[in-house]
Each structure stands twice: as C-alpha cells, then as structure tokens.
1. So, with +1 on the Cβ of K and R and -1 on the Cβ of D and E, and no other charges, what is the size of the charge dipole of the range 63-126 about its Cα centre, to the nearest 20 debye?
2. Under the rule of -39500 (n - 2.57) per DSSP H run of 4 or more residues, summed and divided by the residues of the chain, what mean residue ellipticity at 222 nm is obtained, to the nearest 500 deg cm²/dmol?
3. Work out how much length Met385 to Arg367 would gain on full extension: take 0.36 nm times their residue separation and subtract the Cα-Cα distance, in nm to one decimal.
4. Within the range 339-386, report the trypsin sites (Lys or Arg not before Pro) that DSSP leaves as loop and that have at most 13 other Cβ atoms within 10 Å.
5. Give the residue list of trypsin sites (Lys or Arg not before Pro) in the range 78-127 that are DSSP loop and have at most 12 other beta-carbon atoms within 10 angstrom.
6. Considering the chain as a Gaussian network with a 10 Å cut-off on Cα pairs, which listed residue, Leu352, Leu314, Leu236, attains the greatest mean-square fluctuation?
7. Take the alpha carbon gyration tensor of the range 49-129, find the square roots of its eigenvalues, order them as a ≥ b ≥ c, and report rounded if a/c is under 1.5; if not, report prolate when a/b exceeds b/c, else oblate.
8. Positive end of the charge dipole of the chain (Lys, Arg +1 and Asp, Glu -1 on Cβ, about the Cα centre): tell me which of Asn187, Asn317, Ser207 has its Cα farthest that way.
Amino acid sequence: MIRYFSFKNFKSYRSETIFDFKAAAIPEFKESLLSSIESEKDGDILPVSVLYGPNGGGKTNLLQALACLISIVVRPVAELEKNRESLVLQHYVSCQPYLLDDESQNEPTEFQIYFRIKTNEYRYYIAVKNGTVVSESLYWRAIGGHKTGTVFEREKSEITLGSTINKVSVNRLVNPKMPYLSFLAINYNIPVISEVVTWFESCIIQSYAVPEVDRQIMMADNVELKKKIIRALNDLDIDIMDYRYDTAEKELYTRRILEGKEYELPFSSESDGTKKLLAALPILLIALQDGRLVIIDELDAKLHPKLLRYIIRLFKNPEVNRRGAQLMFSSHDLTTMKNSVFRRDEIWFSALDRNHESKIYSLYDIRDENDRHVSSSAAYDKQYMEGRYGADPYLENLLGEEWL
C-alpha cells in the first residue's frame, strides 16, 4: 500500500508537492484505517483520498504525476512482455516539466514514493530530464524498523549496488533512458526487484474525464467475481441478473427478468449511470480482491451521489477491504464532502496560486485564526462553498474579485 508520494517540476506543479497517505491522530473512522500487526508500530494508512478543487487547479495533474511515475517503471517491462502482474487499465503519461518559467524547463522532473509490501517499506526515487534518467535510487527497511538498506543508487551512468543484490552478477551498464529498476526486472529474477516492480504493475489508473473511457468494459468470467459484480449492481437497485459478451457482435448484453420473462439489453442502450457502473465496478472489485491501488480522475462523473458513496464505503469497510486496497480520486461532487463519508485527512484540495503554480493541502492542515483545526462536526461542503478553505475560487473566477 502507498504511504507517501512527492514530486517536483511536473506540469502545473513547480515546487515539491507532497501527498501523504499516513493517517493523522484523529478519531473519525478509525476502524476503516489500513493497519496490520506489521505496520502498527509505524502508523495507519488511509484507504481513501479524494481531491477537490476548481477546473484548472491541478487535480488531474496531481493524479497524472503518480500515473507518470508508475508508467515510467512499468512501460519498458510491459513492452518486452516481462511483467509479472496482469496490467489493468494502465496508460502512459508523458513527463512534462513546469513550463511557465525558464529555469524549470531546463531542470529534471523528480518523483519519490514510499510504499509497503508485507513487512517491508520501500522508497523509490527517480529524476528524469528530456527522457533521460538523471538520478535513481531504491531503499528498503522493515516496517517499524530504523535501519535503511540500499538496493541500488544511480547518478547518471554511475550505479552502486547495495548488499541486497551485490552478490548477484548484474550488469551496471544501462540505456540512459531506461530506469535501472525496469532494467533489472527485465533481465534478472531478483526477489526484491520482482516484488517492487510487481507492486507498480498492480496499480490501476483510469480517467473518466475522457468520454471514451465509459465504453472500456472489463467484465469478469471468474464465477465468484461475476457474482460480486452482479450483487453490487443489485445493491444499487440496478436489477441486472446476468451479462454476457457477444464476440461476433463485439457487444456486451445485460440480462433482466420482468414478469417471469428474460430480456437482454445491449450495453449501448443502458443509461449513462449504469454504463459507468458497469465500467467501474469490475476494476474496483478486482482492486479490493487483490489489495491494489486505484487512481481515478473524475470518479463522480455521471454517478449519482448515492452510488459514489457506495464505492467509497467499499474501500472504507474492513470486512470488504481485507487486503489493503486504496482508492485515490478527484471529484466535483460536494454532496459527498461530509463528515459522514470522509475523515478530515482524507479530503484534499488543489488550486492555482497567484504565480500560476498548483498547490495542495488537506482539510486537516487548515487552521483558523486561533490555530485550531476544522472541527470534525463541521459542514465541510457548506464551509467549502463559503470559501473558508481557500480552494473555492468558483465565484471569484466567474465574476472577478471586484464583484465580491
């Protein structure tokens, strides 16, 4: 599971930006936090994080920064069909620096991520400039431990191996455009490398800002998973009793029973909301089943708030989310910005500052003039629309400051 992600000089983000999944010491929804015997010493992890903010504020770019890092690692491995894990809806995101000043255009884009696998935590860092890897490193430590071990370090063409893989005879000459992590995964069967790359491969990336995505359907043939999909649809008052894919027509058909008679409806004739659920539910249930990270831009698009709450609660329900799956998404739906749905540290905002740089902060980070946190009993959506959180420039953008 992901613990911490930071990046610098990517699209609308110039300065270092940190997105933290570690749970704050607050009482709300404590039962939903991701913890285990191994991780209790090192804090709990959030199962859900949501990003709000105006159009153009940087929501999509933040999600794309994480997607970019994942694709940098996974793409070379997948192109040579050396991946260990089945890829689910991953797509390539290009690495573009901040373009609104001369210095940033000539500096590398940097990414750093901390994530946990079983009893270990890994820290991976990579800096890329014009497609060339400038610097790269991978470290590990036991969760709750203090000693950090080096897997490898790279500065341009110089590569230093840690004791974890130093005993293995590996090549230190690598194409400057390829991550050394990917190179090792392609050419060697080193347990620590396989474990790390498999985690990157397991991540799911989706964007519903693109209309065509609603038509990308991945329905399960697995009997048990198929039952879960249909049960979830029925829980949401969508009375589908089965589905099938016609390979000749290349069309998905849903089945219903009305007054004892069975009917089939082509996917193209379903409502937009049902299409969205049919597209989203299988990948969300796969994530919950396998303990994967899911990154979705505009998850709320075409979804009734009731359906969005249902999806959020799946990830926050410890009886359903038993393997540490995580959901990170952007949204414009303020009806779910409530203390009955989210913890304060699960709600994040992004907006442009006066220098046209995107900035992010969590609801828990906000303090009033008396240095007090936003109350857990506050009406988050109402206060957001009143502009109390600093990330609601809708009216200001539409009318200008002088109108206010």
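1. Working: 6 positive and 9 negative charges, 118 e Å.
It works out to roughly 560 debye.
2. Values: 9 runs with 101 residues, N = 404.
About -7500 deg cm²/dmol.
3. Working: separation 18, 0.36 × 18 = 6.48 nm, distance 1.70 nm.
Full extension of this stretch gives 4.8 nm more.
4. Values: sites: Arg343, Arg344, Arg354, Lys359, Arg367, Arg372, Lys382; in loops: Arg343, Arg354, Arg372.
Listed in order of number, the matching sites are Arg354, Arg372.
5. Hits after loop and neighbour filter: Lys118.
6. Ranking Leu352, Leu314, Leu236 by mean-square fluctuation puts Leu236 first.
7. Working: a/c = 1.65, a/b = 1.44, b/c = 1.15.
Judged from the Cα gyration tensor, the range 49-129 comes out prolate (a/c at least 1.5, a/b above b/c).
8. In the chain, that residue is Asn187.
Read-outs throughout are calculated quantities, based only on the coordinates presented, and are distinct from any laboratory measurement. Quick caveat: nothing in here was measured; it's all calculated off a predicted structure. All Cβ positions, glycine included, derive from the backbone under ideal geometry; neighbour counts span all protein chains shown.
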